[in-house]
Amino acid sequence: MTNTDICNMALSFLSKGKISSIEDNVEEAKQCKIHYDHCRRMLLRQYPWGFAKRVVRLAVLDEEVPGWDYCYSYPQQCLAVRYLFDEEGAAAKETQVVEWDKAIVSDNQRALLTNLQDAWCEYTYDVRDVEMFTEEFSEALARYLASQMAMVLTGNANIMQTNLQMYQMLMETAKTQNAQERRIAVDFPETYANARFQ
């Protein structure tokens, strides 16, 4: 599957003809070119998808920001930071909260600020290779793309709304499938467990 295939899926939801490339000189291709990357990045940001997860050791920047001990370079092609942790805290990153913030430092460089030494980062990577997407994500993306192009290509608000509703349903299915492909034991604090299960 390619980005053109996803665009053609979206166009089929609008009862429009196929394109051979988003570079085609037809209105359908022009609309796909306008909306595709924006829609793809938006959906990737909305959830910590397993197929888009990347883990990297952060590089320290020679910058000082009051209130924070360390300033790290923002990860490349990062759409959303999910967790900061050190090697010892990697297994417990979802339950042990590490404080951090984002900022722009000198030369307009994006940075991550934290008090954690030797920090690692888990983030959502800007995945462009459609072959990495799950089937559910691909269809959700096609539906969302269709909803964004519907008014220009069809002028029909009902078609736009239908595709938006289908997108929302498919996103929930995609999230459920994603969650089923991982196993994390949740270690509840004792006070919470006692209150919850007594």
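Quick check on my filter: what residues within the stretch 98-135 are within 30 Å of ALA10 (Cα to Cα) and either without any contact (Cβ under 8 Å) to a residue 40 or more places away in the chain or within 14 Å of the chain's Cα centre (by Cα) (or both)?
Hits for the stretch 98-135 are TYR123, THR124, TYR125, ASP126, VAL127, ARG128, ASP129, VAL130, MET132, PHE133, THR134, GLU135.
Among the residues of the stretch 126-139, count how many are in contact with an Asp or Glu (Cβ under 9 Å, 6 or more places away or on another chain) and under 11 Å from LEU43 (Cα atoms).
Adding up the residues that qualify gives 1.
Output the residue which, of all residues in the stretch 105-132 that are of a type in the set (Val, Ile, Thr) and touching a strand residue (DSSP E or B) at 6+ places or on another chain (Cβ under 6 Å), is farthest from TYR36 (Cα to Cα).
Per the criteria, the residue is THR114.
Just give me the residues in the stretch 150-179 being within 19 Å of the chain's Cα centre (by Cα) and of a type in the set (S, T, N, Q), in sequence order.
Correct list: GLN168, THR173, THR176, GLN177, ASN178.
State all residues of the stretch 28-82 that are assigned to a helix (DSSP H, G or I), surrounded by fewer than 17 Cβ atoms within 10 Å (Cβ to Cβ) and touching a Ser or Thr at 6+ places or on another chain (Cβ under 7 Å); if no residue qualifies, say none.
ARG45, PHE51
From the list ARG54, ARG40, which residue is within 20 Å of ASN163 (Cα to Cα) and within 16 Å of the chain's Cα centre (by Cα)?
One residue alone meets the criteria, ARG40.
Got at least one residue in the stretch 104-123 being assigned to a helix (DSSP H, G or I) and of a type in the set (A, V, I, L, M)?
no
Return yes or no: is ALA52 closer than 30 Å to LEU113 by Cβ and aliphatic (A, V, I, L, M)?
So ALA52 fits the description; yes.
Across the stretch 83-95, what is the total count of residues that are in a loop (DSSP other than H, G, I, E, B) and open to solvent by less than 30 Å² (accessible area, probe 1.4 Å)?
Selection size over the stretch 83-95: 1.
Report the residue count in the stretch 125-153 for those that are in contact with a Lys or Arg (Cβ under 8 Å, 6 or more places away or on another chain) and closer than 13 Å to GLN31 by Cβ.
1
The values are calculated or read from the model by the stated rules, or taken from the named source; none is laboratory data. Predicted model only: the values in this text are computed from it and were never measured. Counting neighbours? That spans all protein chains shown, and the Cβs are built from the backbone with ideal geometry, glycine included. In case anyone asks, the SASA skips ligands and DNA or RNA and just uses the protein heavy atoms, side chains included. Shrake-Rupley method; radii C 1.70, N 1.55, O 1.52, S 1.80 Å.
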